[in-house]
Amino acid sequence: MGDPASIVVPADVGAVKAARDWVGETLEAWGREAYVAKVVVSELVTNVVRHTLSETATVRVLLADRGTVVEVLDGCDVLPVVRDVDVLSEDGRGLAMLGALVKDWGAQPVAGGGKAVWALLPEGDA
């Protein structure tokens, strides 16, 4: 399957574009489509910036048996929760959107603290 590729970015707004561009370049170098991966990474890194006190986020991509996986790790122990939103909600749609774009996604605690949020990309993006 090969080793995962990773990048560490600061948990700030400018890091969202840097992470998105890096994922796109990495997957394209691997001969993979990157559109959905770039959307997923944008959402997950934005969540780190907006909802955690983490100083950095680690973005990883890897080729697994089931397909291409994108993962974002941060130092916050709180796992993300999909919220019910309505048409007037100004935020809270990101994880619902994520669920609609990917084959599967989830979050799990990381030994030593923090969490990893991962997404298994659809075949066209994998």
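Observations, loosely collected:
- By average C-beta atoms within 10 angstrom, highest first, the peptides 43-52, 72-81: 43-52, 72-81
- HN-Hα J in Hz across region 42-53 - Karplus 6.51, -1.76, 1.60, θ = phi - 60°, x for Gly and Pro: 4, 5, 5, 5, 4, 4, 4, 5, 7, 10, 9, 9
- R0 of 30 Å, Cβ-Cβ distance LYS17-ASP65: FRET efficiency to nearest 0.05: 0.45
- Shown is the FRET efficiency for LEU79 and TRP30, computed with R0 = 30 Å from the Cβ-Cβ distance and rounded to the nearest 0.05: 0.55.
- Both the radius of gyration and Dmax for the chain are 13.8, 44 Å, in that order, over alpha-carbon atoms.
- Integer Hz, Karplus 6.51/-1.76/1.60 couplings in order for region 22-27, x for Gly and Pro: 4, 4, x, 5, 5, 5
All of the numbers you see were taken from the coordinates with simple rules; none came from a lab. Fair warning: this is a prediction, and the values are worked out from it, not measured in the lab. Every residue, glycine among them, receives a Cβ derived from its backbone with ideal geometry; neighbour counts consider all protein chains shown.
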